[in-house]
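Each remark here refers to the structure printed beneath this line.
The values are calculated or read from the model by the stated rules, or taken from the named source; none is laboratory data. Since the structure is predicted, the reported quantities are computational estimates derived from the model, not experimental observations. No Cβ is skipped: glycine too gets one built from the backbone with ideal geometry, and neighbour counts run over all protein chains shown.
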Ligand code: SF4
């Protein structure tokens with residue numbers, strides 16, 4: 001399941017942000033995303049499935065999110081280009 005809400009038409013987009021999505025159905029709970037970007041990702045306590053804390057993190061976290069994308073063994077983390 002993708003957690004990131006879709007951008008609303010006409011909604012202001014904060015400058016210098018990136019859009020992140022996670023697919024909880026693909027997530028296997030490995031935790032690499034949290035290790036790379038704990039400001040953006042967390043895991044459910046009961047089963048370790050990813051939680052998206054910030055679907056629009058600031059640009060300075062982009063590198064950390066990119067590392068999370070690469071490190072995720074199940075391809076559950078994505079950056080959506082605007
Ligand atoms: S790295 Fe991928 S598989 Fe592991 S918890 Fe994060 S989203 Fe899930």
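Of the residues that make up segment 26-33, is at least one part of a strand (DSSP E or B) and at pLDDT below 95?
Scanning segment 26-33, I find no residue that is part of a strand (DSSP E or B) and at pLDDT below 95, so the answer is no.
Report, ordered by the first and then the second residue, all pairs with beta carbons closer than 9 Å, sequence separation of six or more or different chains, a first member in segment 30-47 that is on the phi > 0 side of the Ramachandran plot, and a second member that is within 10 Å of the ligand (Cβ to nearest atom) and at pLDDT 95 or above.
Close Cβ pairs satisfying both conditions: 31/41; 31/43; 31/48; 31/50.
Condition check ((1) assigned to a strand (DSSP E or B); (2) away from the ligand (no atom under 14 Å from the Cβ); (3) surrounded by fewer than 16 Cβ atoms within 10 Å (Cβ to Cβ)) across all residues:
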site	(1), (2), (3)
47	no, no, yes
55	no, no, no
60	no, yes, yes
63	no, yes, yes
66	no, no, yes
69	no, no, no
75	no, no, yes
79	yes, no, yes
82	no, yes, yes
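When segment 1-25 is examined, which residues are found to be modelled with pLDDT of 70 or more, part of a loop (DSSP other than H, G, I, E, B), at negative phi and more than 10 Å from the ligand (Cβ to nearest atom)?
Passing the criteria: 18, 25.
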